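The values are calculated or read from the model by the stated rules, or taken from the named source; none is laboratory data. Here the structure is a predicted model, which is why all the values come from computation and not from measurement. We place every Cβ from the backbone using ideal geometry, glycine too, and count neighbours over all the protein chains shown. Accessible surface is based on the protein model in full, side chains and every heavy atom, while ligands, DNA and RNA are left aside. Shrake-Rupley method; radii C 1.70, N 1.55, O 1.52, S 1.80 Å.
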Amino acid sequence: MVYETAPTVRKQEMRFHGGAVGPPVEVPAESPLAVSLREAAIVILPYSDAGEATGKFPAGTEPLFQRLRQSLPNRVIELAASDEDYRELVLHSVELVVATIWVAEHVLGATVIDVVANLLAEKVRSAFSGEKKVQSVKAKLLVAQNGGICEFEYEGPAETYRTTMHELLRANALPPAE
Amino acid sequence: MTEIDDGIYGDERLRTAVNTLAAFESRESSIDGALRKSLNELKVRAVSERDELMAKAVWCLEQIADVQDRFVRAFHEMKAGRYYRGWCLLEQAEIGLHHLGRHFADPTDLFGLRFIAESVPAMQALFPYCYFLSPGFIREEAECGICRAPIRPRSPCGHEVGEIYEGRMCTRITTKATMLEVSLVTAPVQKYSVTFTKGVKYNYAKIDYLIRALPSPWARWEVERQTRQKPRGDFNDLALDEHCPCGSRRLFQDCCSEEETVEIPHWQFIFGFNWAESDEHELRRVIHASEEELPQPEKELPT
């Protein structure tokens, strides 16, 4: 699918009652992964409600995980699956799907957007790619803020992901809760 | 100029290979084995000396040779009427260009890569293929294409997909997978899986027309898609339950059958000079071809 018009963006707020909001993922409470997820500043999430693909990650998630770890070496970056359980859904589609990413703080959203945008640029960049190679992207960012989760969804050309998502994130920065 | 450009254009050890690959327009067949062998020897030596830049420069030249070869072979396959084989080689040339373009941009267009990059999608657009099979699967296990280490997110081997190490491009090798589905799509990421239906022929008239007119794979050409108005009476022999000639994919009776004129697709081919014959790459109009002038098969798939 080639997008010739502006990308589609969607913002949805999910409110919870009080307390910090963790990543929306279920793992056994006593597992080492659960402990790590509780400390994580950023968590990459698998597909949810996607039939046989539920619990699997979009192809290319592993390099995204490495890049996020390199970009924020002092923060805990996690993947919501153990190495043994990590599986990727590989679809031979021209549409690039980026795994949903949860961030514990609004400020981390900007870093995630830059890392994703750089990876997308590398993926679509080629000196010999013509107009036909314009790739479309689906991506979702979940930002924990003020006891809720704000969900930013992007669907559109890879080239406009960075600017669109930064604008969306800036426009939705909430004042701190009293 | 990047570091890799300097390596390719400036290193004496690569001069013979560069000159051979730069003489692309005078070559009608594949790169000879001697050149590939000498490139491989240079790469083996560079790797043993831990000269990553030289090994990468050699990889780029090997890719250039592959892309040029695939493009030339695609042309000859199509000349021989083997259009699907030509299609697959065009796809391989496009994939090779995409991989190469991340590392080397051929800034002076010494190797004809920009010409190939423009020609391949233009040729693909003249093919009648419109539906493809596209697999979806779960990658259970994978290895790094360089060091063969199993992919474990928390214990990365350090090799990045698409980067060049020891003169080889890093890929992920799927070692265990579960097939989920095969979808019918119009825009696949790989274009090999064309659907063929028994008893139904594809109409290769447009690409056939082009290939017959081109004296060599390196001859310059363009195609402009236009439309022409034709009187309704020209289609009196067309049954109302057939596809409308306007190309809408609707039935004639539901589309233009009641109109006074029908706007039909029209392709105008423009042929130019060979690279060797013109410095200005100026195009001249030689032949105009209308859709209705092209030969039609007995039964065709909708395009």
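Report yes if B:T227 is open to solvent by less than 90 Å² (accessible area, probe 1.4 Å), touching a Pro at 6+ places or on another chain (Cβ under 7 Å) and not in a loop (DSSP other than H, G, I, E, B), otherwise no.
In short, yes.
Restricting attention to region B:122-135, does a residue exist that is at the interface with chain A (Cβ under 7 Å from one of its Cβ atoms) and assigned to a strand (DSSP E or B)?
yes
Consider A:I77 carefully, then state whether it is more than 10 Å from every other protein chain (Cβ to nearest Cβ) and without any contact (Cβ under 8 Å) to a residue 40 or more places away in the chain.
Yes.
Identify the single condition in (1) surrounded by fewer than 19 Cβ atoms within 10 Å (Cβ to Cβ); (2) assigned to a helix (DSSP H, G or I) that B:L90 does not satisfy, given that it satisfies every other one.
In the conditions (1) surrounded by fewer than 19 Cβ atoms within 10 Å (Cβ to Cβ); (2) assigned to a helix (DSSP H, G or I), B:L90 misses (1) alone.
Name the single residue, out of those in region B:119-155 being out of contact with any strand residue (DSSP E or B) (no Cβ under 9 Å at 6 or more places or on another chain) and free of Cβ contacts under 8 Å to residues at least 40 places away in the same chain, that is most open to solvent (accessible area, probe 1.4 Å).
B:R152
What number goes with the only condition from (1) touching a helix residue (DSSP H, G or I) at 6+ places or on another chain (Cβ under 6 Å); (2) at pLDDT 95 or above; (3) open to solvent by 40 Å² or more (accessible area, probe 1.4 Å) that B:Y192 does not pass?
(2)
Just checking, which of A:L33, A:L108 is closer than 27 Å to B:E160 by Cβ, modelled with pLDDT under 90 and either open to solvent by less than 60 Å² (accessible area, probe 1.4 Å) or assigned to a loop (DSSP other than H, G, I, E, B) (or both)?
Within the list A:L33, A:L108, the selection yields A:L33.
Can you find, within region A:38-73, the residue that is farthest from the other protein chains (Cβ to nearest Cβ) among those that are open to solvent by less than 20 Å² (accessible area, probe 1.4 Å) and outside any strand (DSSP E or B)?
Ranking the qualifying residues of region A:38-73, first place goes to A:A41.
Which residue, of A:K138, A:K123, is surrounded by fewer than 20 Cβ atoms within 10 Å (Cβ to Cβ) and in a strand (DSSP E or B)?
A:K138
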